[in-house]
Amino acid sequence: MSKKVDSAATKLFVGPRFRRIRRQIGLTQTQMAKELEISPSYVNLIERNQRPVTAQILLKMAEAYDVDLRDLAAADNDRFFVELNEVFSDPLFREFQLPKQELQDFVELCPDAANAVQRLYRAYIEARRGENTAASRLAGRDEIANTDDNPVERVRELIEENRNHFPALEVAAEKLRDELDVPSHDLFRAVSERLRERHGILVRVRSVDVMRDWLRRYSPHRKQLSLSELLDDTGRIFQSAFQLALAEAGSLIDSIVAKSSKLDESARRLFRISLANYFAAAIIMPYTRFHEAAENLSYDIEPLGQRFGASFEQVCHRLTTLQRPNARGVPFFMLRVDNAGNVSKRFSSGSFPFSKFGGTCPLWNVHATFETPDRIVTQIIELPDGARYFSLAQAVRRSVVPYGQPRPRYAIGLGCELKYLPRLVYSVGLNIDKVEATPIGVNCRLCERVNCGQRAEPPVTRTLVLDETVRGVSPFMFAQEQSN
């Protein structure tokens, strides 16, 4: 009896996630079967959840590929479920009353189909808002392209699918940084010299009257990279490293783009730019050194920035990419918002349920940082399902702008699951068990918390209650039972 139990315990039905890993590696079923010493038909049955992945196959995968077997866990399912739940909370689907367990099963068994539903819903939202219509999508085309019309969201999806970590770029960037062999404070000079000596590209810092509308501009005909004098030191390093990324890792970046599912021209270009940005950050903060420093400094952001010559935003973004197998960092999520609440960056190596079709909760203190510039504020937040996270945030702004022009300001939010807080320097002096968490929601349209004075709209999952004889703390009252 015990042998049967032990045997069952070594079997996992993880077909969709197994298929995702195979596709990320870039192998056919036949190729993977050969390397794992099993038949192609068995790989096919595994991916259709008709056969389990045994412990022996897992061990062979770990030996054959540079993958973390935790990728076979259901960590992504939580995020997919939250996103799909958001979709089906729309009044468009209200009459169906889909049980949450049904959605959970859908995400578990058919993740690709769940992604397809999300993309279709997003296209519907854009069409409804007048941002995109079926007529404009088809105008001048002979056929319907199998791509998203919103390149920003499509590229965000691709980055999320890779958990914001690209191993090939990390290895190449570390090799390049080792060849430069200079301390952080001398990196701009070293990158500029490399561009000139290896690629014939001259780097020049130009005056604001020449570069009034640009921070970086590259002329391929003159082979000249012009940087605005308005860029601070960290900005100059990053923009020159971006150019070096295109010069030395362009073919590698193109190969990653080519392996992705079919992209239209806008999404392809944006993905290429995003990967070049990723490579630039990896040059400035090479993985092994940065990961070790982050652990030794208990993820203290400002000393990390000082050590590697990086800005607060650059360090926060880099922290979300530390997903190398056997050298993982804390799985952070990050977002950047302006003072109107618009989200311009969103990255996650964890499971935080970002909203794809709305803003963020105003009770999250990332918004309050505009009142306390240049100061890190911390907060423990709790979602309606009871999940708790630690969050820190700081407002940042461009250091120099010409007189009379508005100075862009953003709030950078960084967070992780509460269980990781003891690894952070920000836990010093905090008694986690006694600190009261701030209850927040994903956004107002999905949050069912009552008596919230910050509520901007009623939840779409509840019936609005209108009573002229009372006025509650919240401007909107709604039925506690789900509407029919």
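The values are calculated or read from the model by the stated rules, or taken from the named source; none is laboratory data. If you're wondering where the values come from, they're calculated on a predicted model, not measured in any experiment. Ideal geometry is used to build each Cβ from the backbone, glycine not excepted, and the neighbour counts take in all protein chains shown.
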Name the one entry in Asp254, Asp209 that is outside the structural domain of Arg307 (by TED's automatic domain parsing) and at pLDDT below 95. Asp209
Qualifying positions in segment 236-275 - among the small types (Gly, Ala, Ser) and more than 19 Å from Ala173 (Cβ to Cβ): Ala258, Ser260, Ser261, Ser266, Ala267
Of a type outside the set (D, E, K, R) and modelled with pLDDT of 85 or more: is that true of Pro422 in this structure? yes
Which pairs have Cβ atoms under 6 Å, sit 6 or more apart or on different chains, and link a residue in segment 379-390 that is within 14 Å of Pro422 (Cα to Cα) to one that is part of a loop (DSSP other than H, G, I, E, B) and of a type in the set (Val, Ile, Thr)? Ile380/Val435
So the check is Cβ under 6 Å with 6+ separation or different chains; which pairs have a first residue in segment 315-344 that's under 17 Å from Arg407 (Cα atoms) and part of a strand (DSSP E or B) and a second one that's at pLDDT below 90 and among the hydrophobic types (A, V, I, L, M, F, W, C)? Val337/Val343
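Condition check ((1) surrounded by 14 or more Cβ atoms within 10 Å (Cβ to Cβ); (2) part of a helix (DSSP H, G or I); (3) out of contact with any strand residue (DSSP E or B) (no Cβ under 8 Å at 6 or more places or on another chain); (4) modelled with pLDDT of 80 or more) across all residues:
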| position | (1), (2), (3), (4) |
| --- | --- |
| Leu45 | yes, yes, yes, yes |
| Ile57 | yes, yes, yes, yes |
| Asp66 | no, no, yes, no |
| Asp76 | yes, yes, yes, no |
State yes or no: is Phe271 under 24 Å from Asn150 (Cβ atoms), of a type outside the set (S, T, N, Q), in contact with a strand residue (DSSP E or B) (Cβ under 8 Å, 6 or more places away or on another chain) and in a helix (DSSP H, G or I)? no
Kindly establish whether Val400 is among the β-branched types (Val, Ile, Thr), more than 21 Å from the chain's Cα centre (by Cα), in a loop (DSSP other than H, G, I, E, B) and surrounded by 14 or more Cβ atoms within 10 Å (Cβ to Cβ). no
Which residue out of Thr320, Thr288, Thr360 is in contact with a strand residue (DSSP E or B) (Cβ under 8 Å, 6 or more places away or on another chain) and farther than 20 Å from Ile381 by Cα? Thr288
Thr369 fails exactly one of the following numbered conditions: (1) part of a helix (DSSP H, G or I); (2) at pLDDT below 85. What is the number of that condition? (2)
Has segment 144-160 got any residue that is touching a residue at least 12 places away in the same chain (Cβ under 8 Å), under 30 Å from Tyr121 (Cα atoms) and small (Gly, Ala, Ser)? yes
Between Ala280, Ala310, which is within 19 Å of Asn164 (Cβ to Cβ), in the same structural domain as Arg198 (by TED's automatic domain parsing) and either touching a His at 6+ places or on another chain (Cβ under 9 Å) or surrounded by 18 or more Cβ atoms within 10 Å (Cβ to Cβ) (or both)? Ala280
Would you please list the contacts, defined by Cβ atoms under 9 Å and residues six or more apart or on different chains, that run from a residue in segment 206-234 that is on the phi > 0 side of the Ramachandran plot to a residue that is part of a loop (DSSP other than H, G, I, E, B) and at pLDDT 95 or above? Lys223/Gly200; Lys223/Ile201
